[in-house]
Amino acid sequence: MSDQPDVLVVGAGFAGMYAVHRFRELGLTVKVLEAGSDVGGTWYWNRYPGARCDVPSLEYSYSFSPELEQEWDWPEVFSAQEDILRYADYVADKFDLRRDMQFNTRIAKVEWQDDARRWRLTSEAGETFEAPFCVMATGCLSVPVEPKIPGAERFRGEVYHTGRWPHEAVDLEGKRVGIIGTGSSGVQAIPELARQAAHLTVFQRTPVYTVPANRKRMRAAVQQEFRDSYRQIREMQQKNPGGVSNFRPRKSVRRGDSVPADVTRPSDISMPSEAGVPNRLLDLTPEQRAQVMERFGLGALLAFRDVYTNAEANEVANALYRDTVRRMIRDPETAEHLLPKTYGLGCKRQVLDRDYYDTFNRDNVTLVDLGETPIETITESGIRTSRTHHDLDVLIYATGFDAMTGALLRANIRGRGGRSLNDQWRDGPVTYLGLQMSEFPNLFTVTGPGSPSVLCNMLVAIEQHLNWIGDCIHYLREHGLATIEPSPESEQQWIAHVNEVAEGTMYTAPSCNSWYLGANIPGKPRIFMPYVGGYPRYRERCEHEAGAGYPGFRVESA
Ligand code: FAD
Ligand code: NAP
């Protein structure tokens with residue numbers, strides 16, 4: 001590992017891992033600093049029961065190595081956390097990535113040295129590292145948040161957060177478990193926890209829209225067809241707004257594998273239009289809508305484009321959703337509490353589940369609607385709501401993350417003249433292309449606010465960003481340039497565009513309170529952070545900047 005690297009990278013998730021490979025290819029020396037004890041990032045930390053991907057595994061994989069594509073076997077169509085972590089481990093071994101990584105090192109300060117024109121990073125333990133370039137590959141969902149609930153410190157039982165799940169097995173047998181939160185993590189964990197625990201109490205503040213996930217094993221023939229088509233698939237990913245190819249195996253399809261084959265997210269559902277049904281919900285009669293729901297279930301609603309762009313269609317879809325859920329839950333009162341009524345489909349990231357609603361038909365599961373009976377306090381032995389006390393042995397927070405900006409703001413980043421990023425972003429994050437900030441020369445963010453990021457297949461977004469960053473550093477070296485940073489005008493214009501394209505979508509509806517908007521963190525400015533204009537449009541803009549010699553940036557000579 002180089003002591004005087006060209007580039008320091010913070011984070012060894014999929015972004016930090018690819019950074020090592022890409023920068024080495026460009027002849028740069030690199031050093032990665034990671035808080036955890038190994039690679040994998042999200043998949044290293046989120047080991048809760050039920051954790052898995054919501055993008056098909058064959059798509060949620062690196063594209064940079066055709067050899068890797070041919071070698072790796074995915075056991076399921078949508079991978080479980082442990083398989084994704086095994087993949088990360090395999091990639092790290094195959095490309096000898098750990099040679100340039102230092103683990104158990106949390107970076108607490110990131111400071112630009114004006115005179116030396118270098119970044120100095122300081123770990124929590126006081127170790128320092130320096131390099132002319134710094135890449136923050138710190139993740140969009142890497143800072144778990146635990147809400148401040150009165151009495152929390154008094155609880156005598158076991159406490160876990162889904163985003164910091166222990167590496168050792170957690171034994172829940174015979175225990176009374178409580179879980180707070182019903183976002184993607186909660187929805188994935190709840191059915192598994194119910195199977196393991198003596199009793200599960202679900203503390204729900206806002207009901208969720210969730211659709212059943214594809215749960216198929218990977219057939220060898222399907223995997224082979226993907227392998228044979230990978231170059232085409234990667235090209236299709238580059239052209240898709242969500243970075244997903246939607247490649248449909250044809251040769252390996254068995255009779256009976258009818259649509260819907262892979263219910264994932266709006267962009268990669270091909271039914272019901274494939275089945276001869278119009279793809280605007282409003283074009284269907286009420287009888288036809290009922291038939292579609294009967295035939296395809298909740299996932300059908302994700303296939304209609306107007307559900308996401310037309311308020312009337314959205315309302316119709318929300319009502320169809322609620323009617324369908326009512327039929328899935330035995331106890332009508334529980335069903336009513338599970339129905340989302342205050343916001344529409346498409347406001348939050350779509351949640352996928354395995355047996356979520358069915359879990360509430362189990363005798364060992366209780367739903368507590370915090371809207372009706374709020375938590376008053378956590379006690380030594382459980383949670384007291386306005387109605388009663390719930391005795392618990394284990395308390396699990398599935399309460400989400402300080403998303404997109406959390407890890408960057410916690411790293412105490414200071415740019416030119418000691419300027420703090422936290423001050424610069426007081427009213428919300430401002431970046432150019434989600435890649436750089438003015439006054440912070442040679443500092444790059446991966447999948448930062450203002451880029452498609454979490455609205456895209458993240459592996460596609462990560463590779464694109466690191467390729468761009470690598471090319472940019474290479475360009476500076478080739479042209480005898482020492483620093484690069486965006487002009488404030490480029491930033492302002494870009495952020496205006498980011499806001500403009502988000503306006504009028506379901507993401508920014510006044511009724512919508514999502515982590516995309518920072519609404520889950522008290523006091524966080526309400527700004528729609530990711531770029532909703534689509535990955536291809538964004539990529540072309542990045543390519544244009546690089547091709548034209550970085551006109552939106554300021555550079556200094558070496
Ligand atoms: P991360 O994987 O978050 O890695 C960042 C790393 O930086 C972490 O290991 C962290 O420890 C380290 N770090 C942060 N700050 C510091 C510091 N100051 N010092 C040292 N180290 C630091 N995306 C999808 O596209 N599809 C999915 O299905 C999907 N499922 C997800 C499921 C869960 C439970 C979560 C939480 C996220 C999911 N995501 C999904 C998003 C996921 O985060 C990305 O797909 C991807 O793994 C991000 O990789 P990354 O390397 O950018 O960040
Ligand atoms: P989340 O979507 O932010 O959900 C957090 C949950 O905790 C919400 O139900 C929230 O309720 C609740 N909550 C927060 N504070 C609370 C409080 N004080 N009292 C009661 N309830 C509280 O977080 P997440 O579920 O961890 O998911 C975050 C993102 O990670 C996802 O959107 C997705 O991008 C990614 N992820 C993906 C998968 C996958 O399927 N591949 C799985 C997990 C995570 P409110 O809604 O009322 O705020």
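Within segment 452-464, is even one residue more than 16 Å from ligand 1 (Cβ to nearest atom), part of a helix (DSSP H, G or I) and either open to solvent by 10 Å² or more (accessible area, probe 1.4 Å) or not polar (S, T, N, Q) (or both)? Within segment 452-464 (the criterion being more than 16 Å from ligand 1 (Cβ to nearest atom), part of a helix (DSSP H, G or I) and either open to solvent by 10 Å² or more (accessible area, probe 1.4 Å) or not polar (S, T, N, Q) (or both)), the answer is no, since none of the residues qualifies. Annotation note: of Gln196, Gln102, Gln113, the sole residue that is under 30 Å from Glu485 (Cβ atoms) and more than 16 Å from ligand 1 (Cβ to nearest atom) is Gln113. Looking only at residues in segment 142-165 that are part of a helix (DSSP H, G or I) and away from ligand 1 (no atom under 15 Å from the Cβ), the one that is surrounded by the fewest Cβ atoms within 10 Å (Cβ to Cβ) is Glu153. For segment 396-404, the criterion of being over 30 Å from Ser438 (Cα atoms), among the aliphatic types (A, V, I, L, M), assigned to a loop (DSSP other than H, G, I, E, B) and within 13 Å of ligand 1 (Cβ to nearest atom) is satisfied by at least one residue. Residues in segment 198-231 that are under 29 Å from Asp363 (Cα atoms) and of a type in the set (Gly, Ala, Ser): 2 in all.
Filter segment 412-451 down to the residues that are within 14 Å of ligand 1 (Cβ to nearest atom) and open to solvent by less than 30 Å² (accessible area, probe 1.4 Å) and list them by number. Ile413, Leu421, Gly434, Leu435, Leu443, Phe444, Thr445, Val446, Thr447, Gly448, Pro449, Ser451, listed by residue number. Scanning segment 515-545 for residues that are in a loop (DSSP other than H, G, I, E, B) and hydrophobic (A, V, I, L, M, F, W, C) turns up Ala519, Ile521, Ile527, Phe528, Met529, Val532.
Among the criteria (1) surrounded by fewer than 19 Cβ atoms within 10 Å (Cβ to Cβ); (2) within 16 Å of ligand 2 (Cβ to nearest atom); (3) touching a residue at least 24 places away in the same chain (Cβ under 8 Å); (4) not hydrophobic (A, V, I, L, M, F, W, C), the one Ser386 does not fulfil is (3). If we scan segment 211-223, do we find a residue that is over 23 Å from the mean Cα position of the chain (by Cα) and in a strand (DSSP E or B)? Checked against the condition, which is being over 23 Å from the mean Cα position of the chain (by Cα) and in a strand (DSSP E or B), segment 211-223 yields at least one hit. For segment 171-189, a residue qualifies if it is outside any helix (DSSP H, G or I) and either open to solvent by 30 Å² or more (accessible area, probe 1.4 Å) or of a type outside the set (A, V, I, L, M) (or both), and the qualifying residues are Asp171, Glu173, Gly174, Lys175, Arg176, Gly178, Gly181, Thr182, Gly183. Hey, any hits in segment 190-199 for a residue that's farther than 30 Å from Pro441 by Cα and assigned to a loop (DSSP other than H, G, I, E, B)? Among the residues of segment 190-199, at least one is farther than 30 Å from Pro441 by Cα and assigned to a loop (DSSP other than H, G, I, E, B), which makes the answer yes. Scanning segment 119-141 for residues that are buried (at least 22 other Cβ atoms within 10 Å of the Cβ), near ligand 1 (Cβ under 9 Å from one of its atoms) and of a type in the set (Gly, Ala, Ser), we see that the one that is nearest to the chain's Cα centre (by Cα) is Gly139.
Please determine, by comparing only the residues of segment 397-411 that are within 16 Å of Trp45 (Cβ to Cβ) and away from ligand 2 (no atom under 11 Å from the Cβ), which one is least open to solvent (accessible area, probe 1.4 Å). I'd like the intermediate steps shown before the answer.
Filtering segment 397-411 for residues within 16 Å of Trp45 (Cβ to Cβ) gives 397-403, 406-407, 410.
Subset that is away from ligand 2 (no atom under 11 Å from the Cβ): 406-407, 410.
On the way: Gly406: 1, Ala407: 17, Arg410: 124 Å².
Across segment 397-411, the extreme among qualifying residues is Gly406.
Determine which member of the set Ser65, Ser61 is at pLDDT 95 or above and within 16 Å of ligand 2 (Cβ to nearest atom). Talk me through it step by step, then tell me what you get.
Values: Ser65 fails: within 16 Å of ligand 2 (Cβ to nearest atom).
Exactly one of Ser65, Ser61 is at pLDDT 95 or above and within 16 Å of ligand 2 (Cβ to nearest atom), namely Ser61.
Identification of helices (runs of 4 or more DSSP H) wholly contained in segment 6-118 with 2 or more residues that are more than 22 Å from the chain's Cα centre (by Cα) yields 14-25, 66-71, 81-94.
Taking the stated definitions as given, is Val187 touching a Gly at 6+ places or on another chain (Cβ under 6 Å) and within 17 Å of Phe401 (Cα to Cα)? Considered against the rule, which asks whether it is touching a Gly at 6+ places or on another chain (Cβ under 6 Å) and within 17 Å of Phe401 (Cα to Cα), Val187 comes out as no.
What about Glu168, is it crowded, with 18+ Cβ neighbours inside 10 Å and charged (D, E, K, R)?
Numbers: crowded, with 18+ Cβ neighbours inside 10 Å: no; charged (D, E, K, R): yes.
So Glu168 fails the test.
Quick one: which strands (runs of 3 or more DSSP E) sit completely within segment 291-383 and have at least 3 residues that are more than 26 Å from the chain's Cα centre (by Cα)? Let's see the steps before the verdict.
On the way: elements: 351-353, 365-369, 375-379.
Correct list: 365-369, 375-379.
The values are calculated or read from the model by the stated rules, or taken from the named source; none is laboratory data. Predicted, not measured: the structure shown is a model, and the values here were computed from it. Note that we place each Cβ from the backbone using ideal geometry, even for glycine, and neighbour counts take in every protein chain shown. The protein model used for the area step is the full one, side chains on, heavy atoms only, and it has no ligands, DNA or RNA in it. Shrake-Rupley method; radii C 1.70, N 1.55, O 1.52, S 1.80 Å.
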